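K.L.:
This is the structure, below, for whatever I ask next.
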Ligand code: KE4
């Protein structure tokens, strides 16, 4: 483990300067630019198991895992071998292949509510397609999402709550037409009264509620313990609206059958991504057969994709998902995550730093806050010390630990993380906290 000296990151700095000239923000996805934490993004050169290495040769214990997909660890030999073998037979056909059937059968077998599934190329494609399908199936245009819920970058999802707890959405990005954003209704997590009000104010106009059953984009949140998820299920049924579980992040992460199996709550549609592709671009949406049969060419709801179901990505997904079904896989993942979170909180207590954590399975977030618990987006935006998080994040980088570069993100433990990794991370946090509190 490197000492807590400032690292040599000269090549990352040079790469970032070069990248900024030709890529917006120097990155191909905004959060990678470290804007909310400051400092220079590390340009990575390699990743194996639970570690990543940057272009200056610095090594890090990795808790980003490519934002979730690398649940087996980076460069798992069986996944790499499967991809290599498949590539030699052709990367993409633009025609049906048997690997699509194999992965579809596996997904349907693992995710309890899915009867029919369609593969796409990202989580964003999955959610935008599921929303179009819900609108086509119900004949209704409006839908509900939650403040701080992130469902990818399709226009309708880039909306924040207007004034008041539950109201018409306002664009959260330039380029999203106000008239379109108005179809997006928003409410705080865990605020069932706000949801009921929206249905009362928009009678028979709401196509669906889309929700991350384990939110990971405001940091990890718990929507299950309070009964909130079940309330959403019951209300959608009563109102003739669809319940869409966006399990792009928590699917295959909090259990082999995702949050719906862990909690025993069945949505009408499920969106998947990240882990389903094992690191290659795969998304999927699926659910009740009567709904999915509305998708072209069976039905009138159009959706398409050049690279959807390509053999390379299908093989990476198959090699990954099949290994999640090993006996004790999730119990071990959760044990290590619980040990890590407890150690980080102990470190904060010892350093006199107020903090709480939310954890579901092998996804977690430590919040630097005086609050006793964090239950909605405003708890984070109004009551967490985001500046302190930035200092802690960069101090952990210097200690050789790579956390997600935002308080609004989740951390992920993989099967490749060892107890030695966990112990080293806890020790690094102790040094980092001492550094940033003096
Ligand atoms: P992608 O289009 O990035 O594959 O998936 C979008 C998406 C949909 N739904 C949920 C619940 C998600 O978490 C995501 C993407 N997650 C972010 C991390 N919070 C991806 C990282 C990034 O944007 O670079």
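K.L.:
Only one residue in 277, 257 is closer than 21 Å to residue 212 by Cβ, in contact with a helix residue (DSSP H, G or I) (Cβ under 8 Å, 6 or more places away or on another chain) and crowded, with 24+ Cβ neighbours inside 10 Å, so which one is that?
P.N.:
The conditions single out 277.
K.L.:
In region 6-19, what residues are in contact with a helix residue (DSSP H, G or I) (Cβ under 7 Å, 6 or more places away or on another chain) and either in contact (Cβ under 8 Å) with a residue 60 or more places away in the chain or surrounded by fewer than 14 Cβ atoms within 10 Å (Cβ to Cβ) (or both)?
P.N.:
Across region 6-19, the qualifying residues are 6, 7.
K.L.:
Shifting gears a bit: Does region 119-130 contain at least one residue that is away from the ligand (no atom under 16 Å from the Cβ) and out of contact with any helix residue (DSSP H, G or I) (no Cβ under 6 Å at 6 or more places or on another chain)?
P.N.:
The answer is no, given that none of the residues of region 119-130 is away from the ligand (no atom under 16 Å from the Cβ) and out of contact with any helix residue (DSSP H, G or I) (no Cβ under 6 Å at 6 or more places or on another chain).
K.L.:
Regarding residue 424, is this residue in the same structural domain as residue 376 (by TED's automatic domain parsing), more than 24 Å from residue 218 (Cβ to Cβ), in contact with a strand residue (DSSP E or B) (Cβ under 7 Å, 6 or more places away or on another chain) and part of a helix (DSSP H, G or I)?
P.N.:
Spelling it out, residue 424 is indeed in the same structural domain as residue 376 (by TED's automatic domain parsing), more than 24 Å from residue 218 (Cβ to Cβ), in contact with a strand residue (DSSP E or B) (Cβ under 7 Å, 6 or more places away or on another chain) and part of a helix (DSSP H, G or I).
K.L.:
Looking at region 203-214 only, could you name the residues that are within 15 Å of residue 143 (Cβ to Cβ) and crowded, with 19+ Cβ neighbours inside 10 Å?
P.N.:
Hits for region 203-214 are 206, 207, 208, 209, 210, 211, 212.
K.L.:
A further question follows. Quick check: is even one residue across region 119-142 modelled with pLDDT under 95, more than 18 Å from the chain's Cα centre (by Cα) and on the phi > 0 side of the Ramachandran plot?
P.N.:
No, because not a single residue in region 119-142 is modelled with pLDDT under 95, more than 18 Å from the chain's Cα centre (by Cα) and on the phi > 0 side of the Ramachandran plot.
K.L.:
Do the conditions hold for residue 154, that is, is it in the same structural domain as residue 305 (by TED's automatic domain parsing) and either in contact (Cβ under 8 Å) with a residue 24 or more places away in the chain or touching a strand residue (DSSP E or B) at 6+ places or on another chain (Cβ under 7 Å) (or both)?
P.N.:
yes
K.L.:
When you go through 239, 247 one by one, which is the residue that is in contact with a strand residue (DSSP E or B) (Cβ under 8 Å, 6 or more places away or on another chain) and surrounded by fewer than 24 Cβ atoms within 10 Å (Cβ to Cβ)?
P.N.:
239
K.L.:
Further question: Just give me the residues in region 90-106 being assigned to a helix (DSSP H, G or I) and either more than 22 Å from residue 299 (Cα to Cα) or without any contact (Cβ under 8 Å) to a residue 12 or more places away in the chain (or both), in sequence order.
P.N.:
98, 99, 101, 102, 103, 105, 106
K.L.:
When you look at residue 56, is it touching a helix residue (DSSP H, G or I) at 6+ places or on another chain (Cβ under 6 Å) and within 22 Å of residue 400 (Cβ to Cβ), yes or no?
P.N.:
Judged against the criteria, residue 56 is a match.
K.L.:
Can you name the residue in region 157-178 that is touching a helix residue (DSSP H, G or I) at 6+ places or on another chain (Cβ under 6 Å) and modelled with pLDDT of 85 or more and is also farthest from residue 378 (Cα to Cα) among such residues?
P.N.:
176
K.L.:
Name the single residue that is surrounded by the fewest Cβ atoms within 10 Å (Cβ to Cβ) among those in region 410-438 being touching a helix residue (DSSP H, G or I) at 6+ places or on another chain (Cβ under 6 Å) and within 17 Å of residue 67 (Cβ to Cβ).
P.N.:
Of everything passing the filter in region 410-438, 414 is surrounded by the fewest Cβ atoms within 10 Å (Cβ to Cβ).
K.L.:
Let me ask another. Out of 113, 129, 124, 173, I need the residue that is in contact (Cβ under 8 Å) with a residue 24 or more places away in the chain and assigned to a loop (DSSP other than H, G, I, E, B). Which one?
P.N.:
Unique residue meeting the criteria: 113.
K.L.:
Moving to a separate point now. I'd like to check something: does region 29-42 contain any residue that is on the phi < 0 side of the Ramachandran plot, away from the ligand (no atom under 16 Å from the Cβ), surrounded by fewer than 19 Cβ atoms within 10 Å (Cβ to Cβ) and touching a residue at least 60 places away in the same chain (Cβ under 8 Å)?
P.N.:
No, region 29-42 contains no residue that is on the phi < 0 side of the Ramachandran plot, away from the ligand (no atom under 16 Å from the Cβ), surrounded by fewer than 19 Cβ atoms within 10 Å (Cβ to Cβ) and touching a residue at least 60 places away in the same chain (Cβ under 8 Å).
The values are calculated or read from the model by the stated rules, or taken from the named source; none is laboratory data. Nothing here was measured: the structure is a model prediction, and the numbers come from that model. Note: ideal-geometry Cβ built from the backbone for every residue, glycine included; neighbour counts use all protein chains shown.
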